[in-house]
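Structure, as structure tokens:
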């Protein structure tokens, strides 16, 4: 016997009324352009086919910029057409009236103990009663969407639930209550998802951070958090965010991405994938360099899958994102200071502590501050095979940034000695870039050879060379090998992989 969640109401069996599955992300396909009628068969004088407008000459920069701008405007108009009066606007208007009445009629304690299916059925019954009393007319599709939206508010993350369920979406960006953007296939799109008001956004943000023991309020208006599936979340609220609370979610694909998957997606070549597999198996210290959203963490996850299952791995992150498949993994996460300003645990503190945990490999989610000193020392003192990411636009800039980050530790080290330590600690730098067609590509695989004087010497093993653009706006290029013998060939020979390494260079 199911239990009705109306206080004092007797439990009465009800025939199951299956509801439609949760609403899919509200992104209706764009309507096709009407096809013009064919010319009459008697009309033999056909008009000549329209010729495409001639491209402006290459030297006319203003004309080229205007042409690019017009394409962007058309693309923006296409996306903006998704917003406007829609079924969701009607449902949102009804939700404002129905939800307060619903909350008055249910027993929250009893509702929290019910399975979602049973809760959904009972809320659908009560919602139907309220709609009738308030004389609100909604069709069946709108009623189902209304129930789903209220369930998402009660159990999940409100309007974000459909976006989180869409596996084609990589990023979700909430800019206040009325504006939500997503990234799909490397391109930004505006959606018709809206929150009730800024308080609604703040309520969802609070629900996200409290699950991992953090807080978001005026005394702590910025926070890094994560969702249960490992998706990374950044939240910033007023007074720092002027236009309302902002939530940025970097989703993790449910399907694990491997180097083979990236190879199939043309993110790198077959030869490059083979070299990276050998480098990871040979326990090289690898730094992944790239800009924001370039795919550094995704590549780090892919490389980590090649680590032997018999090794002990310690991961260190601000918000735990890495999804390692090995059985012996210890995951460490930083902690912000409490309201009194005490209790903060930084990445550097965790790196120092990890050295006492007998790790075979240390994986650092991001090197961004003074922890660079301890990470370099770990790489130089027997913890080979360590991995980390860093923000930089080029491999050479990644080395310069490591130098600058060591300076943040307040340690005075001669430049020559510091560069010698970096050259002996880092074996390889992989540069990742998200290009203008939205595709993330590995543009450089660079090996650190050594140090001559006070200059760190490197050699390119592979580079990506852009050549042209196809008719769909996708970049055309090739992954080119430099044809140089890698310095770690002898190390590959120790692991029995030297022949496979030489064969793909």
- Note on the structure: For residue 264, the lone unmet condition from (1) under 19 Å from residue 304 (Cα atoms); (2) surrounded by fewer than 20 Cβ atoms within 10 Å (Cβ to Cβ); (3) within 19 Å of the chain's Cα centre (by Cα) is (3)
- Message: So, residue 199, is that one over 14 Å from the mean Cα position of the chain (by Cα), not assigned by TED's automatic domain parsing to the domain that holds residue 93 and not in a loop (DSSP other than H, G, I, E, B) or not?
- Response: yes
- Answer yes or no: is there a residue in the range 387-395 that is closer than 20 Å to residue 297 by Cα, in the same structural domain as residue 278 (by TED's automatic domain parsing), part of a loop (DSSP other than H, G, I, E, B) and out of contact with any helix residue (DSSP H, G or I) (no Cβ under 8 Å at 6 or more places or on another chain). yes
- Any residue at all in the range 327-336 that is closer than 21 Å to residue 257 by Cβ, touching a helix residue (DSSP H, G or I) at 6+ places or on another chain (Cβ under 7 Å), in a loop (DSSP other than H, G, I, E, B) and outside the structural domain of residue 249 (by TED's automatic domain parsing)? no
- Return only the number of the condition from (1) surrounded by fewer than 22 Cβ atoms within 10 Å (Cβ to Cβ); (2) closer than 25 Å to residue 307 by Cβ; (3) touching a strand residue (DSSP E or B) at 6+ places or on another chain (Cβ under 9 Å); (4) touching a residue at least 24 places away in the same chain (Cβ under 8 Å) that residue 380 does not satisfy. (3)
- Query: Just wondering, is there one or more residues in the range 249-257 that are at pLDDT 90 or above and surrounded by 13 or more Cβ atoms within 10 Å (Cβ to Cβ)?
  - Reply: yes
- Message: Go through (1) in contact (Cβ under 8 Å) with a residue 60 or more places away in the chain; (2) touching a helix residue (DSSP H, G or I) at 6+ places or on another chain (Cβ under 8 Å); (3) outside any strand (DSSP E or B); (4) over 22 Å from residue 213 (Cα atoms) for residue 306 and report which single condition fails.
- Response: (1)
- Item | Number of the exception - residue 224 against (1) buried (at least 21 other Cβ atoms within 10 Å of the Cβ); (2) assigned to a strand (DSSP E or B) | (1)
- Task: Could you tell me which numbered condition residue 351 fails, if it satisfies all but one of (1) part of a helix (DSSP H, G or I); (2) in contact (Cβ under 8 Å) with a residue 60 or more places away in the chain?
- Result: (2)
- Message: Scan the range 423-442 and tell me whether some residue there is touching a helix residue (DSSP H, G or I) at 6+ places or on another chain (Cβ under 8 Å), farther than 22 Å from residue 258 by Cα and touching a residue at least 60 places away in the same chain (Cβ under 8 Å).
- Response: yes
- Item | Residues satisfying the stated conditions in the range 139-174, i.e. within 15 Å of the chain's Cα centre (by Cα) and either assigned by TED's automatic domain parsing to the domain that holds residue 293 or free of Cβ contacts under 8 Å to residues at least 40 places away in the same chain (or both) | 168
- Query: Tell me, which residue of the range 309-326 that is touching a helix residue (DSSP H, G or I) at 6+ places or on another chain (Cβ under 9 Å) and in a loop (DSSP other than H, G, I, E, B) is surrounded by the fewest Cβ atoms within 10 Å (Cβ to Cβ)?
  - Reply: 325
- Of all residues in the range 321-348, which are in contact with a strand residue (DSSP E or B) (Cβ under 8 Å, 6 or more places away or on another chain), closer than 20 Å to residue 290 by Cβ and in contact (Cβ under 8 Å) with a residue 40 or more places away in the chain? 321, 322
- Note on the structure: Per the filter on the range 124-138, residues assigned to a helix (DSSP H, G or I) and either outside the structural domain of residue 111 (by TED's automatic domain parsing) or closer than 12 Å to residue 98 by Cα (or both) are 124, 126, 127, 128, 129, 130, 131, 132, 133, 134
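The values are calculated or read from the model by the stated rules, or taken from the named source; none is laboratory data. The structure presented is a predicted model; accordingly, all values stated were derived computationally and were not measured. Neighbour counts run over all protein chains shown; Cβ positions are idealised from the backbone, glycine included.
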